[in-house]
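These notes are about the structure you will find just below.
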Amino acid sequence: MQRAPLLLAFAWIVALVATLGSLYYSEVRLFLPCELCWYQRIFMYPQAVILGLALWRQDFGVWPYSLALSLIGGSLSALHLLEQKFPNLFTLACKPPVPCSVEYMPQFPIPLQALIAFALIALSMALLAREARVVR
């Protein structure tokens, strides 16, 4: 089970960078988060803590919890990307003052960044689950 600590560490670093990045965007760059951004944060922020504690305790059984959070958060990120590309598709998704169709960084949209982070964490957790099955 030599890969397990590396997979857990990688997932934690991704979650930590995503969490700190979103705080940078809102607190330093002063980007106002929309409603879908808040929901994505709900599924990313706890992972920075949960995965950090799991890494510290070498608890490789954390994978189902992190995988569930990542799949839900990633789905929200995909929905958010669709909302940005097709603003009239989901009229109930976001309301003023910050509509979800606002793109602060059109060259690399923030929901795409979140989707990549959720996908990397989910992949790490899937591989971690496979590692856990091999050991049994």
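Laid out as a table, the results:
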item	result
Options Leu20, Leu55: the member that is assigned to a helix (DSSP H, G or I), at pLDDT 95 or above, closer than 13 Å to Ser124 by Cβ and aliphatic (A, V, I, L, M)	Leu55
Matching residues, segment 41-80, being under 11 Å from Phe118 (Cα atoms), among the hydroxyl-bearing types (Ser, Thr, Tyr) and open to solvent by 70 Å² or more (accessible area, probe 1.4 Å)	Ser75
Single residue of segment 14-40 satisfying the filter (touching a residue at least 60 places away in the same chain (Cβ under 8 Å) and among the charged types (D, E, K, R)) that is least open to solvent (accessible area, probe 1.4 Å)	Glu35
Output for segment 81-125, where each listed residue is open to solvent by 50 Å² or more (accessible area, probe 1.4 Å), in contact (Cβ under 8 Å) with a residue 60 or more places away in the chain and not in a loop (DSSP other than H, G, I, E, B)	Leu120
Qualifying residue in segment 1-11 (condition: open to solvent by 60 Å² or more (accessible area, probe 1.4 Å) and under 21 Å from Pro111 (Cα atoms))	yes
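The values are calculated or read from the model by the stated rules, or taken from the named source; none is laboratory data. Computed from a prediction, not measured in an experiment: that's the story for all the values here. So basically every Cβ, Gly included, is an ideal-geometry build from the backbone, and we count neighbours across all protein chains shown. SASA here: full protein model, heavy atoms, side chains in, ligands and nucleic acids out. Shrake-Rupley method; radii C 1.70, N 1.55, O 1.52, S 1.80 Å.
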